[in-house]
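Notes follow once the structure below has been shown.
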Amino acid sequence: MESRKSDLVIIGAGLTGLTLAYLLRAQNLTVSILEARGRLGGRILTAYQDGTAPIEMGATWLGSKHTQLNALLQELGIETFEQVLGQKAIYEPISTSPHQLVTLPPNNEPSYRIKGGSSALIQQLAARIKPDQIHLNQIVESIQSVGDKLQVKSNDVVFEAPLVVSTLPPHLLLARIKVEPALPADLTQLMKQTHTWMGESIKVGLRFSTPFWRKGHSSGTIFSNVGPIPEMYDHADFEDQFYALKGFLNGAYFSMTKADRLNLILMQLRKYYGKEVEQFLDYQEAVWRKESFTYTPYEGHVLPHQNNGHSLYQAPYVDGKLFIAGAETASQFPGYMEGAVRSAQHIIQQIQGWQPMA
Ligand SMILES: Cc1cc2nc3c(=O)[nH]c(=O)nc-3n(C[C@H](O)[C@H](O)[C@H](O)COP(=O)(O)OP(=O)(O)OC[C@H]3O[C@@H](n4cnc5c(N)ncnc54)[C@H](O)[C@@H]3O)c2cc1C
């Protein structure tokens, strides 16, 4: 098996891993980022198609409270824009009565989207990192302590480094990567019960040539207790040139076929918009529960955000050589993009001043 040496190995090229590599770019360190998928971004994934609205299949919204993410976006020259809600929403409280058009209360905390799609953030980070640092299709299987180094074995390469940062959701790290010597029992127990934010969700989007939902007695904002779409929003691009509706599908529908999911969605949307929904240009979906590099089943019931940001994630393991990072480990805004950026910053604080031995 081929063997490569680095000063620092980062496992995962999602927002945490790429932000960390970006923050380290000016330091004289050889960094290797190992990513299992054939693409960057992890839970940030924008579906692009020329001449149509980019559709967010993963992370979409941020708020003004997300100060570190906003600062990073600004530094990278990426603009944000307010999520269009309109003044009214389609509201469906129960299956036995028809949906209604309700007036939305004033929104004092608007949500924002990233101009050009959330993946623009990933692209801009990657553009500032040396391309030879990024290794795609490297499924890490084990981390083993050998002397004062850690050996990180992927499907076909062994990477050796004195410091390793995992950015996998902790529950996934525990399930997929064997660590030797074993991590402490209190930590592994915690990892078993640490929720991976949005791991069970299904995102769905339909592109249209016109935003018909904006006219007359209608809205692109949908709140339904009946489903199968509980929430949906106007998803036009920043320029308001290309149009789409995007929302969540009840996660229970993960085992259906794509065609069956689409039928259910159209059935619901026909109730609100009539036959116009059938004019969709294309349908996009992401079933995150089926993404083996994001989701793995839990042994018991785990609540949303459970154990996110726990204190046990704030210190390194394996004689200070292995850091457990990632959005779920951040002590503030865990699970969110803001948490991912803060997690990368936390690692920087911890390794500040560290120099690899000559
Ligand atoms: C549907 C959905 C909607 C969301 N909506 C929002 C939102 O609106 N706002 C918000 O702030 N956040 C949202 N989030 C959360 C947001 O996406 C995450 O907080 C953020 O992207 C996490 O980044 P990360 O780098 O910590 O983790 P990840 O993005 O999960 O990155 C981990 C990386 O590790 C890789 N990996 C996994 N296993 C291995 C292995 N064995 N070897 C090597 N690499 C491996 C993965 O492929 C991945 O690239 C959403 C997430 C989803 C799924």
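Just so it is clear, none of the values below were taken in a lab; they were calculated from the coordinates. Only a predicted model underlies this, so the values are computations on that prediction, with no experimental measurement involved. With ideal geometry, Cβ positions are generated from the backbone for all residues, glycine too; neighbour counts draw on all protein chains shown.
Which value, in debye to the nearest 20, describes the size of the charge dipole of the range 237-358 about its Cα centre when Lys and Arg Cβ atoms bear +1, Asp and Glu Cβ atoms bear -1, and nothing else is charged? Spell out each step's value before the answer.
Working: 10 positive and 13 negative charges, 61 e Å.
Magnitude of the dipole: close to 300 debye.
Mean residue ellipticity at 222 nm from the helices of the chain, using -39,500 (n - 2.57) per DSSP H segment of n ≥ 4 over the full residue count, to the nearest 500 deg cm²/dmol? Write out the running numbers ahead of the final one.
Values: 7 runs with 73 residues, N = 358.
Mean residue ellipticity at 222 nm (helix-derived): -6000 deg cm²/dmol.
Using only the alpha-carbon atoms of the range 52-211, report the extent along each of the three principal axes, biggest first, to the nearest angstrom.
That works out to 65, 41, 30 Å along the principal axes.
Counting pairs of Cα atoms in the range 267-349, how many percent are more than 15 Å apart?
Tail of P(r) above 15 Å: 71 percent of Cα pairs.
Starting with the fewest neighbours, write out Y272, Y313, Y298 ranked by other beta-carbon atoms found within 10 Å of each beta-carbon.
Numbers: Y272 20, Y313 25, Y298 17.
The most exposed by this proxy come first: Y298, Y272, Y313.
Take every Cα pair under 8 Å in the range 209-248 that's 6+ residues apart, average their separations, divide by the length, and report that relative contact order as a whole percent.
On the way: 52 pairs, mean separation 13.8, N = 40.
The value is 35 percent.
Sequence gap at least 6, Cα distance under 8 Å: using those rules, report the relative contact order of the range 205-358 to the nearest whole percent. Display every interim value, and only then the final one.
Numbers: 182 pairs, mean separation 24.2, N = 154.
Rounded, it is 16 percent for the range 205-358.
Are there GluC sites (Glu not before Pro) in the range 26-91 that DSSP marks as loop and that have at most 15 other Cβ atoms within 10 Å, and which are they? Please list the in-between numbers first.
Numbers: sites: E35, E56, E75, E79, E82; in loops: E35, E79.
Qualifying residues, ordered by number: E79.
Taking neighbour counts of Cβ atoms within 10 Å as a proxy for exposure, in what order, fewest first, do S201, S292, S224, S255 appear? Don't skip to the answer; put the middle values down first.
Details: S201 18, S292 13, S224 22, S255 9.
With the sparsest Cβ surroundings first, the list reads S255, S292, S201, S224.
Given a cut-off of 15 Å, what percent of all Cα-Cα pairs of the range 246-306 lie beyond it?
Numbers: 1113 of 1830 pairs.
In whole percent, the share of Cα-Cα pairs in the range 246-306 beyond 15 Å is 61.
Expected output is a single nm value to one decimal: the length gained when fully extending between T210 and E231, i.e. 0.36 nm times separation in residues minus the C-alpha distance. What is it?
On the way: separation 21, 0.36 × 21 = 7.56 nm, distance 2.03 nm.
Net length gain for the segment: 5.5 nm.
In whole Å, what is the distance between the alpha-carbon centres of the range 53-116 and the range 204-277?
Taking the Cα centre of the range 204-277 as reference, the centre of the range 53-116 is 15 Å away.
Just to compare against my own numbers: the Cα pair-distance distribution for the range 19-119, 10 Å bins, whole % per bin, please.
Cα pair-distance distribution for the range 19-119, in percent: 12, 29, 32, 17, 8, 3, 0.
Taking neighbour counts of Cβ atoms within 10 Å as a proxy for exposure, in what order, fewest first, do T67, T257, T221, T329 appear? Walk me through the numbers on the way to the answer.
Numbers: T67 14, T257 8, T221 22, T329 29.
Going from sparsest to densest Cβ surroundings: T257, T67, T221, T329.
Computed over the Cα atoms of the chain, what is the ratio Rg over Rh, Rh following Kirkwood?
1.00
Assign one of three labels to the range 197-245, namely rounded, prolate or oblate, based on the Cα gyration tensor with a ≥ b ≥ c the square roots of its eigenvalues; rounded applies when a/c is under 1.5, prolate when it is not and a/b is larger than b/c, and oblate otherwise. Write out the running numbers ahead of the final one.
Numbers: a/c = 2.71, a/b = 1.41, b/c = 1.91.
Oblate.
Let me make sure I get this right: for the range 1-63, a, b and c are the square roots of the gyration tensor eigenvalues over alpha carbons, sorted descending. Under 1.5 in a/c it's rounded, otherwise prolate if a/b > b/c, else oblate. Which is it?
Details: a/c = 2.90, a/b = 1.92, b/c = 1.52.
Because a/c hits 1.5 or more and a/b exceeds b/c, the range 1-63 counts as prolate.
Given L322, P93, A59, which one lies farthest toward the positive end of the charge dipole of the chain, if we put +1 on the Cβ of every Lys and Arg and -1 on the Cβ of every Asp and Glu?
Of the candidates, P93 comes out farthest on the positive side.
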